[in-house]
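Down below is the structure, laid out as structure tokens.
The values are calculated or read from the model by the stated rules, or taken from the named source; none is laboratory data. Fair warning: this is a prediction, and the values are worked out from it, not measured in the lab. Don't worry about glycine lacking a Cβ; one is built from the backbone with ideal geometry, like all the others, and counts go over all protein chains shown.
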Amino acid sequence: MIHSLIASAFRHQAARSMRLVPSTGVAAVPAAPVFLYVHVPFCEVLCPFCSFHRVKHRDDKARSYFAALRKEIRHYHDRGFRFSGVYVGGGTPTVDPAELCETLALLQEFSPIDDISVETNPKDLRPAVLDRLAAVGVQRLSVGVQSFDDGLLREMDRYEKYGSSTEIRERLAYAASRFRTLNVDMIYNLPHQTEAMLEADLDAVLAGPANQVSFYPLMTSAAVERKMGKVMGLPDRSRLRRYYGRVLARLRPEFTASSAWCFNRGGHGIDEYVVQSPEYVGLGSGAFGNLGGRVYASTFSLRSYVERIERGFSGVTGERALGPREQMRYDLLMRLFGLRLEKSWVRARYGPRFERSLWPELTALQVFGAVVEDDTAWCLTDRGMFLWVLMMSAFFESVNEFRAQMRAQIAAELEEDEDDAVAVVPLGAIGHRA
Ligand SMILES: C[S@@+](CC[C@H](N)C(=O)[O-])C[C@H]1O[C@@H](n2cnc3c(N)ncnc32)[C@H](O)[C@@H]1O
Ligand code: SF4
């Protein structure tokens, strides 16, 4: 109950922080290399539960989009930006492996990058794609599995295009040894997911080859719920704590939590960039960035994105300056999401201001039993981990609402894209040989 109250108060604050004003692009060039997020919004099938900015894949559109991305990357490089790591998210970045790899090769040519993560779906775990990704230096592959239950996969409209549970297991086994980190994305609290189904998903993850798993609670927005409600039903939030308790109980001790919803086994994997990198540049339509005390968002219209880049403008169209306290609270949220906030880290970044400004939050979290403090850090307890699941869900749901508003403004373009999307090849016709 108290968890939900705190999360609900936080939800209002998170929604306020998504009010952006028009922007002409990222102003400051950071002195040190910065993390890069690249958004590739294309997918073969648009899953009804998905809250990300994604459109139906079409070859010609993807080609001109990737060309614009490379131009934007060149532009940032020419301005003096250097990148410490790259996360390519979507959508499904591997819809056009040749274009994706040309883009990653360009980044590698500018300066070698060791930390490259790419999101994909089970269908793309085949030699023609994986060989190319490995060759261009991808170290972490993140595969959207969602569930190993065939009934739930059908409800999510993934069974036909992205594979049955058996096919997914085979493909994961094939991909496993090729990347330093193989992450599987799972979702719990899907509307028709019983506790037995969740246990079976946990069995499959424990028996499977992935050395990292991200177990997300189902997060929605009003727009997602409208779509999802028709085909999948609506989530029952009252089960969330029990289901999360099962995730923690089953994954430990084989996996070690590296955030409130990401778990690694066999040493350290590469984690979510929002935890590791307080600042990052976001490129591509619908991407967010966080740099020099400002949050940035790029246009959600793919047409406008390509046009702007071709004409030499930035893809960024919205921004918001974060106040000093807001920045500190953002760091508190993200660092504790990663389970540990080092005192040396905040002191180097903010000096004594951090503790002076955020003592009410830090005290309340300790009184509530969500955080414990020692000489070197504040650490999340198990109670705190569940609170963080709720707060991060509230945070991402406010981002989802923002995406939904942006997408509503380009509804005509999105509808047109869906109408003329090409038919895609069914999974069965592809097999494991390229
Ligand atoms: C942008 S997708 C990329 C993966 C790839 N497109 C796929 O679906 O196979 C990243 C992950 O976000 C998660 N996701 C998408 N919508 C979600 C939602 N409404 N709630 C929770 N997680 C969600 C899924 O687990 C998904 O694998
Ligand atoms: S879950 Fe993945 S495949 Fe499905 S629509 Fe979202 S980004 Fe695309």
Exercise. Looking at segment 247-260, is at least one residue in contact with a Pro (Cβ under 8 Å, 6 or more places away or on another chain) and acidic (D, E)?
Worked result: no
Exercise. In this structure, does I116 turn out to be outside any helix (DSSP H, G or I), within 21 Å of the chain's Cα centre (by Cα) and modelled with pLDDT of 95 or more?
Worked result: yes
For this session: Report whether or not L240 is in a loop (DSSP other than H, G, I, E, B), within 20 Å of S398 (Cα to Cα), assigned by TED's automatic domain parsing to the domain that holds M156 and at pLDDT 90 or above.
Result: no
Problem set entry | Options R82, R58; residue that is in contact with a Pro (Cβ under 7 Å, 6 or more places away or on another chain) and either away from ligand 1 (no atom under 14 Å from the Cβ) or at pLDDT below 95 (or both) | R82
For this session: Please work out if L107 is assigned to a helix (DSSP H, G or I) and in contact (Cβ under 8 Å) with a residue 12 or more places away in the chain.
Result: yes
Exercise. Do we have V143 as more than 18 Å from P209 (Cα to Cα), touching a Ser or Thr at 6+ places or on another chain (Cβ under 7 Å) and within 14 Å of ligand 1 (Cβ to nearest atom) here?
Worked result: no
Exercise. If you check every pair at least six apart or on different chains, which have Cβ atoms under 8 Å apart with a residue in segment 387-407 that is over 14 Å from H53 (Cα atoms) first and a residue that is within 16 Å of ligand 2 (Cβ to nearest atom) and at pLDDT below 95 second?
Worked result: S393/M219
Exercise. Is it the case that some residue within segment 55-67 is more than 22 Å from the chain's Cα centre (by Cα), under 30 Å from L152 (Cβ atoms), outside the structural domain of S393 (by TED's automatic domain parsing) and in contact (Cβ under 8 Å) with a residue 24 or more places away in the chain?
Worked result: yes
Problem set entry | Flag if S51 is away from ligand 2 (no atom under 16 Å from the Cβ), among the small types (G, A, S) and either at pLDDT below 95 or in the same structural domain as V129 (by TED's automatic domain parsing) (or both) | no
Problem set entry | Some residue of segment 156-173 being within 15 Å of ligand 2 (Cβ to nearest atom), free of Cβ contacts under 8 Å to residues at least 24 places away in the same chain and part of a helix (DSSP H, G or I) | yes
For this session: Test A297 against the stated conditions and say whether it is under 18 Å from P217 (Cα atoms) and not β-branched (V, I, T).
Result: no
